[in-house]
Amino acid sequence: MALTQQFDSEAFKDNFYYEGEDLGAVYAKETTTFKVWAPTASQVQLVFYEDGDKGNRKETIAMISSENGVWSTKAEGDLHGQFYNYVVHTDEIREAVDPYAKAVGVNGKRAMVVDLTQTNPDSWEKDQKPLFKNFTDAVIYECHIRDLSTHDNSGIINKGKFLGLTETGTTNKEGLTTGLDHLKEMGITHLHLLPSFDFQSIDETRLDSNQFNWGYDPQNYNVPEGSYSTDPYSGTKRIEEFKQMVKTLHEHGIRVVMDVVYNHTKLSEDSHLNKIVPNYYYRMVNGRFSDGSGCGNEIASERPMVRKMIVDSVVYWATEYHIDGFRFDLMGLHDIVTMNEIREKLNAVDPSILIYGEGWTGGSTPLDESERALIKNAPYLNDIAVFSDDMRDGVKGDVFIDNEPGFVNGLHNMEETIKFGVVGSTKHQQIDYSKVIYSNEAWAKAPSQAVQYVSAHDNLTLWDKLEASSPKTSQEELIKMHKLSNAIVLTSQGIPFLHAGVEMLRTKGGNENSYKSPDSINQMDWDSKTVYTSVTDYYKGLIAFRKAHPALRMTTEEDIQKNLVFFSKEKDTPLQLSYDNFVGYIINHNANGDRLGALCILFNANKKDKEIYIPKGKWQVYINDAEAGNDVIETIEGGKVLVKGRSALILGRDDAIRLSI
Ligand code: CA
């Protein structure tokens, strides 16, 4: 279509790129300035409303076409709390919410002018991010706002709300911690929240009906979701409460990651973006919305003003809300230039902000493969990590084939995939990359580019997957597999990522796409913590062990190559292995400043116990099939050691080992 060609012409880019930082409603006590980019409009009006939902229009102001396609106007007086929209005349006359809206009314249908200083909790200016040095020091925990608190047994008052994450001292009926205290107890460093910007699927006027949605249906990118606030009608409450949540989490040593969904919007033809500049914000194929997201459309991040909108939005969350990390949904739909620009702009705010994303798309896209922020293009992404699907499926089986197992539940020939996970998808001399399930070469420039995980909100929970892929297997055996799965994740190089509740054997009853299933399927059942205390303790111990050992958190490929040696069936290797379904390695030389000279990490995926020879000398056992942590379980002599079936055995020693490889 001609319009699309026009958008991509050099003349259009030259004439209609607006670089100002003042799009949207810029509030000051005496006057508010409104600017909206609408280069194809013949007229734009600013309309004021009596309230954020119903109410009448009370004023219409003609905006003036100014520079680079921007329409602007000023309005006198203190406009804090004033609801407004834009009426844009293109081929049609359509009313839309400001893409730069910082506050909205209920259901996000009208923007609101906001004095953001009035939304800050007490001593917000003193809010401090918890210390965090290297990306590989992160332990990420992925959670939905509702899931954490909606269960009757959570002990949390503000169920399903941002404020639910500010409550301390909450317990289940056995007195075990829940909510925020539980997160602290687990020792995670980053809480990753499923979409918490304003999404469309929940009717915010009917909150007592307890609707559930993951929130991958964006509506207003720069505003928190109303259903998670205590009053979605108030334009400021959701902002105040979101900030309060961030501040409280920071006070308790936890950083906050937002799941961001700039790859598509809920609506296509009728989205606010499309009403303002028809067809500009989306990739079109033959005049139709391309659907690389599988959700009806895909956003054209490569177009300059779309890129700017995304970059501005991310920077806004990082600065206004003190967000510490961003997880990009379907990042493979974003172009590499945009992602690297986000990194650059966030570095100016705080270089410790994490960026990671899904290095794949949800369908076919016209964006050239070489330009997509895909896993295979990770070498072109700067300090941006991607989820490792090799790790995810290698450990416990394909996410799309329920009954297919992986390493821990009995699939053969998975050793090289596990080893690939262990080294954080970097290049290592002892890995046969041709045997790795998806990637045939290293893609991470550094381990900090690999997000290591076995389960997330998508697909079956780890427990449900193990049950589906191992029928007729006892609960005891399934628990062994479960613990081994995340023992691998939490000792591997890279950035470990846990699905909320995995530490209590979370189940969704076999539901593999619970995006709009009721709370009863999605919520975390805090009684599981009582039933599976030993599992929760094991996970807690794994996290504590990781945090105590820099050797598990190396920052460079060279360090890994130098210090990490696998047990191998090859002749002439110092660490001999003589059977299958077993991965073992030693991290030597007080790697990355570790207090221990060497760690020996052994994963036996066989149902039977296995013996293996480890270097001679005094070793301390820290993790075995039953326990995990920083306490020494026992001290043993090297030589022949027994690794129980389907378990990890992790040992350490004070001195480094002489190994010739
Ligand atoms: Ca909403």
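Assuming R0 = 41 Å, can you tell me the calculated FRET efficiency for the pair residue 115 and residue 562, based on Cβ-Cβ distance, to the nearest 0.05? Here the calculated transfer efficiency is 0.15.
FRET efficiency for the residue 269 to residue 74 pair, using the beta carbon distance and R₀ = 22 Å, is estimated at 0.10.
Cα centroid separation, the range 63-113 to the range 405-448: 51 Å.
Fully extended, how many nm does the chain gain between residue 92 and residue 626 (0.36 nm per residue separation, minus their Cα-Cα distance)? My answer for the length gained is 185.5 nm. Scanning residues 5 or more positions from residue 197 or on other chains, those with amide H under 5 Å from its amide H are 225, with H placed 1.01 Å from N in the peptide plane. For the range 491-497, putting each phi into the Karplus relation 6.51 cos²θ - 1.76 cosθ + 1.60 with θ = phi - 60° gives couplings of 10, 6, 5, x, 10, x, 9 Hz, in residue order, rounded to whole numbers and with x for Gly and Pro.
When the trypsin sites (Lys or Arg not before Pro) in the range 171-214 are filtered for DSSP coil states and for at most 12 other beta-carbon atoms within 10 Å of their beta-carbon, the remaining sites are 173, 206. Derived scalar couplings between HN and Hα for the range 280-290 equal 6, 7, 10, 7, 10, 10, 6, x, 10, 5, 6 Hz in order, rounded to whole Hz, by the Karplus curve 6.51 cos²θ - 1.76 cosθ + 1.60 (θ = phi - 60°), x for Gly and Pro.
For the chain, the 222 nm mean residue ellipticity estimated from helices alone, with every DSSP H stretch of n ≥ 4 adding -39500 (n - 2.57) and the total spread over all residues, rounds to -6500 deg cm²/dmol. Most tightly packed first, judged by the mean number of other beta-carbon atoms within 10 Å of their residues, the peptides 119-129, 556-566 read 556-566, 119-129. To the nearest Å, what is the center-to-center distance of the range 165-233 and the range 584-606, using C-alpha atoms only? The range 165-233 and the range 584-606 have Cα centres separated by 38 Å. Along the range 220-233 the Karplus relation, 6.51 cos²θ - 1.76 cosθ + 1.60 evaluated at θ = phi - 60°, assigns HN-Hα couplings of 10, 6, 10, 9, x, 5, x, 5, 8, 9, 7, 8, x, 6 Hz to successive residues, with x for each Gly and Pro.
Here residue 636 and residue 520 are evaluated by their C-beta separation; at R0 = 45 Å the FRET efficiency comes out at 0.45.
Pulled fully out, how much extra length does the chain show between residue 658 and residue 8, if you take 0.36 nm times their separation in residues and subtract their Cα-Cα distance?
Extra length available between residue 658 and residue 8 comes to 227.9 nm.
Extension gain for residue 231 to residue 435 (0.36 nm times residue separation, less C-alpha to C-alpha distance): 68.1 nm.
Averaged over every viewing direction, what's the projected area of the C-alpha convex hull for the range 288-437? Give it in nm², one decimal, please.
Approximately 10.8 nm², given one-decimal rounding.
Residues with beta-carbon under 10 Å from that of residue 397, excluding residue 397: net charge, scoring Lys, Arg +1 and Asp, Glu -1? Net local charge, residue 397 excluded: -1. Working from label points 7 Å from Cα in the Cα-to-Cβ sense, the residue 15 to residue 42 distance is 1.7 nm. Given H placed on each backbone N at 1.01 Å, which residues far from residue 192 in sequence or on other chains put an amide H within less than 5 Å of it? Under 5 Å from the amide H of residue 192: 141, 142, 143, 257.
Sorting the segments 13-25, 409-421 by their mean number of nearby beta carbons within 10 angstrom, highest to lowest, gives 409-421, 13-25.
Bear in mind that the values in this text are calculations on the coordinates, not laboratory data. Because the structure is a prediction, the values reported are computed rather than measured. Counting neighbours? That spans all protein chains shown, and the Cβs are built from the backbone with ideal geometry, glycine included.
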